[in-house]
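First the structure, in the form of structure tokens, and then the observations on it.
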Amino acid sequence: MRRRVWIIRAGEDGSRADELVRAGVVGLEYPDVGDGRRLDRYDVTERLKARGWTSPETRAELFSSFVNQVRVGDLVVMPDTARRDVVIGRVDGDYEYAPEHGDLRHRRFVTWLARHGTDQLPEAHRDVTRQRAVLAERSMPALLEHLERVERGELGRDPRHTETPRAPRPPRASSPRMPAASKPVKATPPAGRRCRECFLVKAPDLFDGDTDVCVDCA
């Protein structure tokens with residue numbers, strides 16, 4: 001039997017994605033509807049109309065698809081819009097009605113396989129975060145092939161690892177070292193004697209004997 005691919009939302013902007021990953025399920029928020037195995041599409045439509053839901057026929061059709069058409073082994077893509085990720089899983093359980101779980105009482109067990117950035121999906125399917133319907137089938141070959149690579153462990157990271165891995169930083173280019181500035185050479189005081197009259201240091205031969213006065217000042 002051909003596998004199907006389902007895009008299923010996890011609340012507004014994927015706000016319940018972490019909750020569903022932890023629980024290992026996908027679910028629908030239809031709190032006004034009872035056990036889907038005991039209701040046909042007409043019953044669901046009438047209940048939604050009575051509760052004032054908009055587009056009750058369309059919503060009843062989506063509910064019926066979740067109950068009757070999603071099968072064990074199908075693959076699901078759950079947008080985690082705020083993180084620009086998608087979480088990918090495999091349906092591993094039949095529909096169950098669990099009113100003890102509040103507004104997510106319509107559930108199916110899922111093995112969450114991995115998550116990765118939305119930009120890693122095939123280009124034609126990167127619009128999944130803009131899907132407004134809570135559930136939609138998208139069983140195109142390119143997307144199915146991509147998800148099966150995820151299933152084989154070839155793509156993605158742990159579905160619980162919500163932080164996007166950072167790209168490694170490129171090595172810093174070493175800047176050429178400037179040559180050390182040479183220290184100024186201290187001037188060597190001239191050799192000679194200081195005249196006590198003109199206070200200039202002059203060559204020794206400009207002094208007569210041991211006198212302290214140069215010949216110019218004598």
*Cα centroids of region 116-144 and region 2-36: how far apart, whole angstrom?*
16
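Once you have a ≥ b ≥ c as the square roots of the Cα gyration tensor eigenvalues for region 1-54, tell me rounded if a/c is under 1.5, and otherwise prolate or oblate according to whether a/b is larger than b/c. Intermediate results must be reported in sequence, preceding the final value.
Details: a/c = 2.19, a/b = 1.42, b/c = 1.54.
The shape class here is oblate.
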*Can you run phi through the Karplus equation (6.51, -1.76, 1.60; θ = phi - 60°) for region 94-109 and list ³J(HN,Hα) in whole Hz, with x for Gly and Pro?*
6, 4, 9, 9, 10, x, 5, 9, x, 6, 9, 7, 9, 9, 9, 6
*Name the long-range amide H neighbours of V25: under 5 Å, sequence gap of 5 or more, or other chain; modelled H, no Pro or chain starts.*
V110
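Provide the gained length on full extension for the span E12 to Q69, in nm with one decimal, where the gain is 0.36 nm per separating residue minus the Cα-Cα distance.
Values: separation 57, 0.36 × 57 = 20.52 nm, distance 2.38 nm.
Answer, rounded to one decimal: 18.1 nm.
Here, each number is a calculation from the coordinates, and none is a lab measurement. Computed from a prediction, not measured in an experiment: that's the story for all the values here.
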